[in-house]
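These notes are about the structure you will find just below.
The values are calculated or read from the model by the stated rules, or taken from the named source; none is laboratory data. As the structure is a prediction and not an experimental result, all values here were calculated from the model. Here the Cβ positions follow ideal geometry from the backbone for every residue, glycine too, while neighbour counts run over all protein chains shown.
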């Protein structure tokens, strides 16, 4: 898909509701589109819509091996509710063993480079495997989540993975997301009730206090303008 075609598709999707966006892209990339869920509020909304509309979109998640118990429990509750499979991708055992034995079990606290190495092995490489046979992937990214996401569009070209990235919730507010989850009784991570608005790996996520940015609990020891693991580079 050329940049001109991407621009045309973005123009077509302006003002279109999220369900219709998902329907349009699932037809456009039939059987070659997948949804990467981190089990966040946003991703649970998308899972709900895919399930309710019975859309032909495969759902997967990445198990880094360092997730919260509440996240694993949510995977079970989500399947129990929707009865649709969530494919799980793990990091390569050999790569994790080499990294941990060389750099230490909690290397990510030592430097940004080491944290990025951990993210690369535990998240970025498994994501590449998950996207290998796809032409497009869906995310739960929103403008409000971080300064690095302000300029994102509904449809973008993902240079790193060489495929289309679709962000159907990009214009939703946090309030709209939470209200939708409550209205439809969608399963969500119980840590959200304990001031964890953004949830990743357990050692790299903390609760936030009132007034803090919603991403401030992720890699809190780093520069606040660098709160990305590398999954969503353009």
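For the stretch 192-212, the set of residues classified as in contact with a helix residue (DSSP H, G or I) (Cβ under 7 Å, 6 or more places away or on another chain) and either buried (at least 20 other Cβ atoms within 10 Å of the Cβ) or modelled with pLDDT under 90 (or both) consists of 199, 204, listed by residue number.
Residue by residue, here is whether (1) modelled with pLDDT of 95 or more; (2) assigned to a loop (DSSP other than H, G, I, E, B) holds:
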{"site": "121", "(1), (2)": "yes, no"}
{"site": "144", "(1), (2)": "no, no"}
{"site": "161", "(1), (2)": "no, yes"}
{"site": "169", "(1), (2)": "yes, yes"}
{"site": "172", "(1), (2)": "no, yes"}
{"site": "176", "(1), (2)": "yes, no"}
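When the residues of the stretch 56-71 are filtered to those that are touching a strand residue (DSSP E or B) at 6+ places or on another chain (Cβ under 7 Å) and in a loop (DSSP other than H, G, I, E, B), the one that is surrounded by the fewest Cβ atoms within 10 Å (Cβ to Cβ) is 63.
Tell me which residues, restricted to the stretch 1-31, are exposed (fewer than 15 other Cβ atoms within 10 Å of the Cβ), on the phi < 0 side of the Ramachandran plot and assigned to a loop (DSSP other than H, G, I, E, B). Correct list: 2, 14, 16, 17, 30. Taken over the stretch 48-73, the criterion of being under 15 Å from residue 201 (Cβ atoms) and in contact (Cβ under 8 Å) with a residue 12 or more places away in the chain is satisfied by 61, 62, 63, 64, 65, 66, 67, 68, 70, 71.
This table checks each residue for (1) closer than 13 Å to residue 62 by Cβ; (2) buried (at least 16 other Cβ atoms within 10 Å of the Cβ).
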site	(1), (2)
97	no, no
102	no, no
106	no, no
109	no, no
113	no, no
117	no, yes
122	yes, yes
129	yes, no
133	no, no
